[in-house]
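For reference, the structure is listed below as structure tokens.
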Amino acid sequence: MPKYRINEKTYQCPTELTLAMIGGKWKLIILWHLVNEKKRYGELRKLIPEITHKMLTQQLRELEEDKIINRIVYNVIPPHVEYSLAGRGEKLKPMLALMVEWGLNVQREELNEINREREAVS
């Protein structure tokens, strides 16, 4: 079986590489918020209130290092930094859209199941 090497790391398959770059609890949520427009750090904190300052900073740095997002620093006072999807991030848009669609379908299925159970009890 072929192995995949990127940044001196070896992966057993392309899926492992993908999960290494965008897996985890927060990265996909961050990317979802950047799909349509760039955001400032504070905006992301408000959109994802459960994430800590340290974790958001770490996740943004990792996404930037993996060339999935851009970090644009404006030389003004106070500092102004914006995040947006980079080329690799833009290529994730179709996958993110499919994930949203999948999640909505699961939600509908669950609601239908609850309604069927309620009707059976009535």
Unique residue being under 14 Å from the mean Cα position of the chain (by Cα), surrounded by fewer than 13 Cβ atoms within 10 Å (Cβ to Cβ) and either more than 17 Å from E90 (Cα to Cα) or among the basic types (K, R) (or both) when the list is K39, K46, K25, K54: K25
List, please: which pairs have Cβ atoms under 9 Å, are six or more places apart or on different chains, and start with a residue in the range 99-117 that is in contact (Cβ under 8 Å) with a residue 12 or more places away in the chain and end with one that is surrounded by 10 or more Cβ atoms within 10 Å (Cβ to Cβ)? M99/L28; M99/W32; V100/W32
Sole miss for I77 among (1) assigned to a loop (DSSP other than H, G, I, E, B); (2) at pLDDT 95 or above is condition (2)
Looking at this structure, is A97 assigned to a helix (DSSP H, G or I), under 29 Å from K9 (Cβ atoms), of a type in the set (G, A, S) and out of contact with any Ser or Thr (no Cβ under 7 Å at 6 or more places or on another chain)? yes
Cβ-Cβ under 8 Å, sequence separation 6+ or interchain: first residue in the range 30-57 and free of Cβ contacts under 8 Å to residues at least 12 places away in the same chain, partner in a loop (DSSP other than H, G, I, E, B). Which pairs? R45/I51
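The values are calculated or read from the model by the stated rules, or taken from the named source; none is laboratory data. Not measured: the values here are computed from a predicted model. All Cβ positions, glycine included, derive from the backbone under ideal geometry; neighbour counts span all protein chains shown.
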